[in-house]
Structures are given as structure tokens and as C-alpha cells.
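Trainee: Before I ask anything, let me first share the structure, which is written out below as C-alpha cells.
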Amino acid sequence: MRSAVIKLDVRCKLGLVLLASLLLFFGQHLAHRQVKELVFVVGLLGLLAANRRYHSVKIYGTLYVVLALISFLPTLLSGHLLVERFAAFAYGGMRMYPGLLAGGVLVHSSTTSELFQAFDQLHISRRVAIPFVTMLRFIPHFAEEYKKVIKMFRLRWRSLPVAKRFNPGLYALPILNTALKSADDLAKSAYTRGLKIEGERHYYQPNQWRMIDTVVMVVACLVLVF
């Protein structure tokens with residue numbers, strides 16, 4: 001795998017998650033707030049691209065464009081209640097999108113060791129760090145298992161009766177079973193890594209704050225405030 005063009009400190013990415021989430025409370029004027037949200041979204045997509053996550057850039061970028069188009073539908077089709085409901089839902093998604101996208105950048109561009117090291121550097125208790133990091137790493141793992149289950153059912157699609165093809169329980173039970181097994185494997189992996197051991201931990205790749213992290217945080221704060 002090729003190395004990232006821009007590699008940020010995990011603490012910087014955690015700060016971006018916080019600042020992007022605070023956009024919900026900054027910028028009372030609609031156009032002003034939308035410009036801020038767009039700047040954050042474009043910048044975060046750029047960070048994903050810098051980490052060679054081009055497929056994720058396409059998915060997150062397309063989803064944001066779709067939400068933006070749906071939110072503007074009432075201006076074209078006024079008087080339709082269903083359209084206005086969809087538009088309101090899409091508008092709410094756009095408001096939360098920068099924070100969710102910053103979380104996606106954190107998950108996609110940070111390893112488990114880097115996340116734990118960042119929490120140690122921030123002097124956050126292991127009782128908080130271990131469940132949080134495990135949850136973050138479980139999300140992409142669960143997504144991969146979900147894709148495998150769906151592919152398995154696609155092979156059996158024609159052999160299933162029509163009534164069972166759209167039964168939610170048919171898909172929910174295998175996914176739940178997979179999730180339980182994956183959770184057990186993750187718990188064993190955490191125990192093997194020695195996460196329960198108290199005291200100072202040593203890391204092979206140190207997580208260091210650099211000038212690029214300072215620049216990114218300063219720019220993000222300026223966009224948030226002004």
C-alpha cells in the first residue's frame with residue numbers, strides 16, 4: 001500500500017471531528033453556514049484523497065451532492081408534502097455531514113495503535129479509550145461482514161421463495177450471528193495486544209504533532225469562527 005501524501009496526527013483528526021461537529025452551532029445566516037459546511041466537506045474529502053482513499057472520496061462526495069440536491073427540491077416542486085419531508089431530512093443530514101465525514105476520515109486513516117497512542121497522549125483513561133477505539137474499528141469490520149452476507153444471499157436469491165426474499169429476519173439473523181463472532185474475535189485481539197496491562201505503553205511508530213497539524217487546526221478554527 002502506498003503511503004499517505006498528508007499524514008496528520010490522530011489528535012489533530014480528533015480535533016477536526018470536534019470542530020466539524022460544532023458547525024451545528026455556528027453561523028446563523030443560512031448562506032454563511034452552508035459555505036462553512038462546504039469548505040469543511042471539501043477539505044475533509046481532500047484529506048481522504050491524500051490518504052489514497054479515492055473510493056471513499058467518491059462515496060462521501062456523491063452522498064453529499066445527493067443530499068444537497070434533495071434539500072433544494074422544495075424550491076422546484078413547492079406544495080408537495082412528501083417532497084418537503086424528504087428535503088427536511090436531507091437538510092438535517094447536510095447539517096450533520098461535516099461531523100460524520102470527519103469521523104469517517106478518522107476511521108479510514110488511523111490504525112488501532114495510533115488511536116490508542118493518541119488517547120494516551122491526551123491522558124484519557126483506558127476505560128474510555130478501549131471501548132471507544134474498539135467501537136471505531138468494529139464499524140468497518142462489521143461493514144465488510146455485512147457485504148459478505150449479502151453476497152451469500154445473492155447466490156441463493158433465485159432458489160428462495162418470493163415471500164422470503166424480502167423478509168428482514170432472513171438477513172438480520174446471519175448478520176447478528178456474524179457480529180457476535182466478530183465481537184468475540186475483537187475482544188480476544190484486544191487481550192492479545194495487552195490493552196488490559198496498566199502502565200506506559202511503547203509504540204513502534206510514534207504519533208507526533210507537526211507543523212501541518214497546526215496549519216490544519218488553525219485553518220479549521222478560522223473557518224468555524226468567521
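Taken together, the values in this text are just the output of simple stated rules run on the coordinates, not laboratory data. Note that the structure is a prediction, hence the values are computed from the model and not measured. Cβ atoms come from the backbone with ideal geometry, glycine included; neighbour counts cover every protein chain shown.
Trainee: With a point put 7 Å past each Cα toward its Cβ, work out how far Thr112 is from Ala143 in nm, to one decimal.
Mentor: It is 1.8 nm.
Trainee: May I ask you to derive the FRET efficiency for Phe26 and Leu63 from their Cβ-Cβ distance with R0 = 22 Å, giving the value to the nearest 0.05?
Mentor: Result of the calculation: an efficiency of 0.45.
Trainee: Whole-Hz Karplus ³J(HN,Hα) for the range 64-77, in order, using 6.51 cos²θ - 1.76 cosθ + 1.60 and θ = phi - 60°, x for Gly and Pro?
Mentor: So the Karplus estimates, Gly and Pro as x, are 5, 5, 4, 4, 5, 5, 5, 5, 9, 4, x, 5, 9, 10 Hz.
Trainee: With N set to the residue count of the range 37-152, report its C-alpha Rg divided by 2.2 N^0.38 Å to two decimal places.
Mentor: 1.32
Trainee: Can you give me the relative contact order of the range 1-144 as a percent, contacts being Cα pairs under 8 Å and 6 or more apart?
Mentor: Across the range 1-144, relative contact order equals 31 percent.
Trainee: Which of the pairs Lys13/Lys151; Lys13/Lys58; Lys147/Lys181 have their Cα atoms more than 23 Å apart in this structure?
Mentor: Violating the 23 Å Cα-Cα cut-off are Lys13/Lys151.
Trainee: With Cβ to Cβ distances under 14 Å as the rule, what net charge do the other residues near Ile59 carry (K, R +1; D, E -1)?
Mentor: It works out to a net charge of +3.
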